[in-house]
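> Structure in structure tokens, see below.
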Amino acid sequence: MDNGGLPKAAGFASQIPFDEHRVGAAAVYCSDGRYGEQMDEFLHTGLGLPRYDRLALPGGAACLAGYLMTSYHEKLALERELEFLIKAHELRRVVLIAHQGCGFYKDMWTSGRTVEQQQAADLRQAAEQIRSSNRGLSVEAYFGRRVEGRVVFEDWNAEPAVALGT
Ligand SMILES: [Zn+2]
């Protein structure tokens with residue numbers, strides 16, 4: 001097969017078969033690699049979303065909440081990336097995940113709130129913003145907490161499930 005003149009290198013062959021079917025879902029989460037495997041397991045097994053599209057960036061969806069500390073560029077970039085995936089991959093579901101001890105919030109001014117309260121407010125605001133420009137899209141929020149050497153994912157959806165995607 002013509003490979004455009006590229007050398008036929010003996011690359012690493014993944015043992016995981018390729019499945020071309022999309023599941024119509026994306027996750028926006030923090031790029032903190034210590035939580036990567038657990039996030040994957042939660043999305044695959046906990047939420048039943050294999051092959052979900054990934055948007056990993058420091059703080060996850062927090063930049064959508066529009067801090068002064070976050071550059072406007074970051075906010076716009078995430079909005080654009082998300083809009084692209086929503087349209088091009090026909091997403092029906094977007095999952096936002098924050099986590100305990102997130103470095104993004106280190107030294108952040110949270111005006112009297114605890115970091116977790118701030119994270120909850122940010123997830124809510126980010127979810128509302130995504131919903132407002134994408135009718136019919138289900139947007140969910142979760143929080144990864146360290147408990148006895150493991151990560152437990154809590155359901156942080158403020159609204160009941162029936163209110164999602166309306
Ligand atoms: Zn983080």
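> Which residue, Thr45, Ala27, Gly66, has the largest displacement toward the positive end of the dipole of the stretch 1-77 when charges sit on each Cβ (Lys, Arg +1; Asp, Glu -1)?
Selected residue: Gly66.
> Is the chain best put as rounded, prolate or oblate by its Cα gyration tensor, with a ≥ b ≥ c the root eigenvalues, rounded for a/c under 1.5, and otherwise prolate when a/b is larger than b/c, oblate when not? Please report the intermediate quantities before stating the final value.
Numbers: a/c = 1.64, a/b = 1.51, b/c = 1.09.
Prolate is the answer for the chain, as a/c is 1.5 or above and a/b outweighs b/c.
> If you don't mind, another one. Relative to the first principal axis of the alpha-carbon coordinates of the chain, what is the inclination of helix 72-88, with its axis defined by its Cα atoms, in degrees from 0 to 90 and to the nearest 10?
Between helix and principal axis, roughly 50 degrees.
> Still on this structure: Just order 103-109, 41-47 by mean Cβ neighbour count inside 10 Å, highest at the front, would you? Intermediate values should be presented prior to the final figure.
Values: 103-109: 12.9, 41-47: 15.6.
Highest to lowest by the protection proxy: 41-47, 103-109.
> Shape verdict for the stretch 92-161, please, from the Cα gyration tensor: rounded (a/c under 1.5), prolate (a/b greater than b/c) or oblate.
Values: a/c = 2.44, a/b = 1.40, b/c = 1.74.
Because a/c hits 1.5 or more and a/b fails to exceed b/c, the stretch 92-161 counts as oblate.
> What's the carbon and sulfur percent of the stretch 87-142's accessible surface, probe 1.4 angstrom, rounded to a whole number? Before the final figure, lay out the partial values.
Numbers: 1400 of 2940 Å².
On the stretch 87-142, the fraction of accessible area on carbon and sulfur atoms equals 48 percent.
> About the Cα centre, and with charges only on the beta carbon of Lys, Arg (+1) and Asp, Glu (-1), how big is the dipole of the chain? Nearest 20 debye, please.
Details: 18 positive and 22 negative charges, 27 e Å.
Roughly 120 debye, rounded to the nearest 20.
> Further question on the same structure: Just read off the accessible area of Ser111 with the full protein assembly in place, 1.4 Å probe, to the nearest 10 Å².
Estimated to the nearest 10 Å², Ser111 gives 80 Å².
> Over the Cα atoms of the stretch 40-124, what is the Rg over Rh ratio if Rh follows Kirkwood? Walk me through the intermediate numbers first.
On the way: Rg = 14.0 Å, Rh = 14.2 Å.
Computed over Cα atoms, the ratio is 0.99.
The values are calculated or read from the model by the stated rules, or taken from the named source; none is laboratory data. Source: prediction; values computed, not measured. In this analysis, Cβ positions are derived from the backbone assuming ideal geometry, glycine residues included, and neighbour counts consider all displayed protein chains. Each accessible area value is taken on the protein alone, full model and side chains, heavy atoms only, with ligands, DNA and RNA left out. Shrake-Rupley method; radii C 1.70, N 1.55, O 1.52, S 1.80 Å.
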